[in-house]
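Visitor: Please see the structure below; I have some questions.
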Amino acid sequence: MAELGRAALLLSLGLVAYAVVAGAHAAFHHRRRLAVSAQNALLAAFGTTLVAAVILWTALARRDFTFSYVAQHTSRKLPLGYALSAFWGGQEGSLLFWLLILTGYGALAVFLNRRQRELIAWVVPVLGGIAVFFAFMLCFISSPFGTQPAPPDGAGMVPSLQNPYMLAHPPMLYLGYVGLSIPFAFAMGALLSGRTDERWIVMTRRWTLAAWTFLGAGQLLGAHWAYVEIGWGGYYAWDPVENAAFMPWLAATAFLHSVMIQEKRGMLKVWNMVLVSLAFWLSILGTFLTRSNVVNSIHSFSQSPLGGWFLGFIAVITVFSAVLIYARLPLLRARTQLESLVSREATFLYNNLLLVAFCLTILWGVMYPVVSQAVRGETRSVSKPYYDFFLHSFGLPLLLLMGIGPLVAWRRASLRSLGRMFVVPFAFAAVTGGVLLALGYGSSAPGILAYTFCAFVAASIVLEFVRGRRATGSVVRLVARNRRRYGGYLVHVAVLLFAIGVAGSSAYQTIHEQTLKTGQSMRIAGYTLTYDRLDSVSGPNYTGFRAVLDVARGHSHVATVAPGENLYPIEGPANEASVYHDPRTLGDVFTTAQTIKGSSDIDLKVLTKPLVNLIWAAGFIFVFGSLVAMWPDAVEQRRLAERYAAAAA
């Protein structure tokens, strides 16, 4: 089995190498049959990579400990679902997962756009070049098919990874990371072929949206995993690898807004090439940070041999994209210029600048320990206040621009039209801010500003839907006629809910810790928690305890929570938090417990987090809005077909 897996990967390497060499030769010399052959090689590479993936999944399911990878990441008592998730839980398996998605994405994207022969001829070698790197790593540097004499049992899986969210969070991120290779490949293909009009953007818009959606949903799943599993009561710690997923999402967000200006006004062509390259570059950087051990993170694979190889690949991508953009600058000149600083395209540009600035400040925070070590010989890192400062500095203006942009006209807006458009949102925001201050929520300036700006944006979105409904007579018909626009507004609603949830759960949370004996109580933020008893628990591969507590509000019982700990014989202990979701506050009562050695007393930690559940609700709306924006639109497709037919004539 292992030999078959190695052979499949070697065949994949040969096929993608052929796609690079034959595809580049065919594109340069306009050899159509050879170009089709290169495309078929890319498709076949997905098949051979899938064979290797099935072999590894089979070995994980059977707990075949003759595979070194299986022995390192599973055990006999590990439940089947978690054993299968070990595919992406380790270094070698995650590289194979990356290659599997990359070849699958590449084959599908090329097949769906095969009629654009001149552009696709160059896209194939670019995708093949990316695949060559990962296939080479799997064949010669970090193979999942290494073998050994089978030990009696495996090393098991890290306890924190034995959580249902780990079945979905990493695949979502990988689908997002790898998905950004498609718009990058088409952008580079457009530069190589000299076809730098908007066609490559139209062909990859849904691919970019899909990758962006996967990245966003993956981060929210990861945030919820951290919230319920690690036991610290938070959902985002500005960890380097968390940031590594956040940065390409920010760059892709800027790109999705910026391409609208290019499609509408023929502007920002160079900027869009830079953004799509930056998003892909950051996705590779995220993989580098995860596997290089260059920064400290709970996500990183330690002592990895891959760091230098990834650093070299990042350098190649940087030089390749920069040289190509520079060489094609004459073809990327804008057809029109920015006519006014008060226009929709100007607000989109401000949005882009803030997103990229925020992205780069996070990048500096992540890389600062590396720079410090190289320059001063000592490792220093930036802390949470650094990131929080820039979150407020860039996040609040971005929030405000979400409400301004849709109301401002293209090209140029008059002061009279601005006043007419903004009077209702401004009044609603002012009333909201005044009411919150009167109710005593002014202790946190960022929190009150976030709520006020959210009120402004919410009012502007509602106005857009009201105006559109007057013209069409139905909200459903309105959305159906312009899915891209109103799907985007739904995503903005998700961002509003997310911002409200973050502001409420961070600015107005309360924390209390106390040692309790059986029958004793703790009071916090209007809740009373009474320690009832200590229960023993057991699972398929662990034993542990749960501290059972009654939760009351006033004199009424509202819930029972049972925080505790699991002890895994092979992997070690893990905290198990227990959470009560309060529908009244849309928040949580979050609890963790540790036993006092030699007794049944517990050390209880409780956090109340108002509005935190709006964050998770925002995730559902975010995905729904993205799907609406991605859904095929016959009217749009007809308009684009007519536009490009006229251009070709």
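The values are calculated or read from the model by the stated rules, or taken from the named source; none is laboratory data. Fair warning: this is a prediction, and the values are worked out from it, not measured in the lab. In this analysis, Cβ positions are derived from the backbone assuming ideal geometry, glycine residues included, and neighbour counts consider all displayed protein chains.
Visitor: Which one of these is surrounded by fewer than 16 Cβ atoms within 10 Å (Cβ to Cβ) and touching a residue at least 12 places away in the same chain (Cβ under 8 Å): S460, S474, S444? Before the answer, list the steps.
Guide: Values: S460 fails: surrounded by fewer than 16 Cβ atoms within 10 Å (Cβ to Cβ); S474 fails: touching a residue at least 12 places away in the same chain (Cβ under 8 Å).
Just one listed residue meets the conditions, S444.
Visitor: Take the residues in the range 429-451 that are among the small types (G, A, S) and not in a loop (DSSP other than H, G, I, E, B), then tell me which one is farthest from L400 (Cα to Cα).
Guide: So in the range 429-451, the residues among the small types (G, A, S) come out as 429-430, 433-434, 438, 440, 442-445, 447, 450.
Those still in the list that are not in a loop (DSSP other than H, G, I, E, B) too: 429-430, 433-434, 438, 445, 447, 450.
Details: A429: 11, A430: 13, G433: 14, G434: 18, A438: 23, A445: 15, G447: 14, A450: 9 Å.
Looking at residues that are among the small types (G, A, S) and not in a loop (DSSP other than H, G, I, E, B), I get A438.
Visitor: Still on this structure: With V423, V382, V371, V431 as the choices, which residue is among the β-branched types (V, I, T) and touching a helix residue (DSSP H, G or I) at 6+ places or on another chain (Cβ under 6 Å)? Give the steps one after another, and end with the answer.
Guide: Working: V423 fails: touching a helix residue (DSSP H, G or I) at 6+ places or on another chain (Cβ under 6 Å); V371 fails: touching a helix residue (DSSP H, G or I) at 6+ places or on another chain (Cβ under 6 Å); V431 fails: touching a helix residue (DSSP H, G or I) at 6+ places or on another chain (Cβ under 6 Å).
Being among the β-branched types (V, I, T) and touching a helix residue (DSSP H, G or I) at 6+ places or on another chain (Cβ under 6 Å) holds for just one of V423, V382, V371, V431, which is V382.
Visitor: Could you count how many residues in the range 108-139 are surrounded by fewer than 22 Cβ atoms within 10 Å (Cβ to Cβ), touching a helix residue (DSSP H, G or I) at 6+ places or on another chain (Cβ under 8 Å) and at pLDDT below 95?
Guide: So the count comes out to 7.
Visitor: Which residues, taken from the range 579-609, are buried (at least 22 other Cβ atoms within 10 Å of the Cβ) and either polar (S, T, N, Q) or outside any strand (DSSP E or B) (or both)?
Guide: Of everything in the range 579-609, those that are buried (at least 22 other Cβ atoms within 10 Å of the Cβ) and either polar (S, T, N, Q) or outside any strand (DSSP E or B) (or both) turn out to be T591, T592, T608.
Visitor: Do we find that P583 is within 36 Å of the chain's Cα centre (by Cα) and more than 28 Å from S506 (Cα to Cα) in this structure?
Guide: Details: within 36 Å of the chain's Cα centre (by Cα): yes; more than 28 Å from S506 (Cα to Cα): no.
Criteria not met by P583.
Visitor: Return the residues of the range 457-498 that are hydroxyl-bearing (S, T, Y) and either outside any helix (DSSP H, G or I) or on the phi > 0 side of the Ramachandran plot (or both); say none if nothing qualifies.
Guide: Correct list: S474 only.
Visitor: Here's a follow-up. So, in the range 205-216, exactly how many residues are crowded, with 22+ Cβ neighbours inside 10 Å and closer than 13 Å to N272 by Cα?
Guide: Of the residues in that region, 1 qualify.
Visitor: If you check P573 against the conditions, is it loosely packed, with under 14 Cβ neighbours inside 10 Å, in contact with a Gly (Cβ under 9 Å, 6 or more places away or on another chain) and either more than 27 Å from S444 (Cβ to Cβ) or without any contact (Cβ under 8 Å) to a residue 40 or more places away in the chain (or both)?
Guide: On the way: loosely packed, with under 14 Cβ neighbours inside 10 Å: yes; in contact with a Gly (Cβ under 9 Å, 6 or more places away or on another chain): yes; either more than 27 Å from S444 (Cβ to Cβ) or without any contact (Cβ under 8 Å) to a residue 40 or more places away in the chain (or both): yes.
Here the answer is yes, as P573 does meet what is asked.
Visitor: Going by the structure shown, is G504 assigned to a helix (DSSP H, G or I) and surrounded by 21 or more Cβ atoms within 10 Å (Cβ to Cβ)?
Guide: Values: assigned to a helix (DSSP H, G or I): yes; surrounded by 21 or more Cβ atoms within 10 Å (Cβ to Cβ): yes.
Taking the combined requirement at face value, the residue satisfies it.
Visitor: Shifting gears a bit: Of the residues L175, L84, L95, L102, which is under 30 Å from R32 (Cα atoms) and either assigned to a helix (DSSP H, G or I) or at pLDDT 95 or above (or both)?
Guide: On the way: L175 fails: under 30 Å from R32 (Cα atoms); L84 fails: under 30 Å from R32 (Cα atoms); L95 fails: under 30 Å from R32 (Cα atoms).
Exactly one residue qualifies, and that residue is L102.
Visitor: Shifting gears a bit: Among (1) under 30 Å from N566 (Cβ atoms); (2) surrounded by fewer than 24 Cβ atoms within 10 Å (Cβ to Cβ); (3) at pLDDT 90 or above, there is one condition V158 misses while meeting the rest; what is its number?
Guide: (3)
Visitor: Answer yes or no as to whether V623 is of a type in the set (V, I, T), at pLDDT 95 or above and in a helix (DSSP H, G or I). Full working, then the answer.
Guide: On the way: of a type in the set (V, I, T): yes; at pLDDT 95 or above: yes; in a helix (DSSP H, G or I): yes.
Yes: the conditions hold for V623.
Visitor: May I ask you to say which residue of D601, D582, D550 is over 17 Å from I230 (Cα atoms) and either of a type in the set (G, A, S) or out of contact with any Asp or Glu (no Cβ under 9 Å at 6 or more places or on another chain) (or both)?
Guide: Working: D582 fails: either of a type in the set (G, A, S) or out of contact with any Asp or Glu (no Cβ under 9 Å at 6 or more places or on another chain) (or both); D550 fails: either of a type in the set (G, A, S) or out of contact with any Asp or Glu (no Cβ under 9 Å at 6 or more places or on another chain) (or both).
Answer to the check: D601.
Visitor: Please go through the range 143-156 and pick out each residue that is of a type in the set (S, T, N, Q) and touching a Ser or Thr at 6+ places or on another chain (Cβ under 8 Å).
Guide: Kept after step one, since they are of a type in the set (S, T, N, Q), are these residues of the range 143-156: 143, 147-148.
Passing the criteria: T147, Q148.
Visitor: Among (1) surrounded by fewer than 19 Cβ atoms within 10 Å (Cβ to Cβ); (2) assigned to a helix (DSSP H, G or I), there is one condition I182 misses while meeting the rest; what is its number?
Guide: (1)
Visitor: Condition test on E642, is it exposed (fewer than 14 other Cβ atoms within 10 Å of the Cβ) and either at pLDDT below 90 or of a type in the set (V, I, T) (or both)?
Guide: Values: exposed (fewer than 14 other Cβ atoms within 10 Å of the Cβ): yes; either at pLDDT below 90 or of a type in the set (V, I, T) (or both): yes.
Yes: the conditions hold for E642.
Visitor: Here are the criteria: (1) modelled with pLDDT of 95 or more; (2) closer than 30 Å to D153 by Cα. Tell me which single one A45 does not satisfy.
Guide: Against the list (1) modelled with pLDDT of 95 or more; (2) closer than 30 Å to D153 by Cα, A45 comes up short only on (2).
Visitor: Ok, one more. Identify all residues within the range 135-189 that are farther than 25 Å from W122 by Cβ, out of contact with any strand residue (DSSP E or B) (no Cβ under 8 Å at 6 or more places or on another chain) and aromatic (F, W, Y); write none if there are none.
Guide: F140, Y165, Y174
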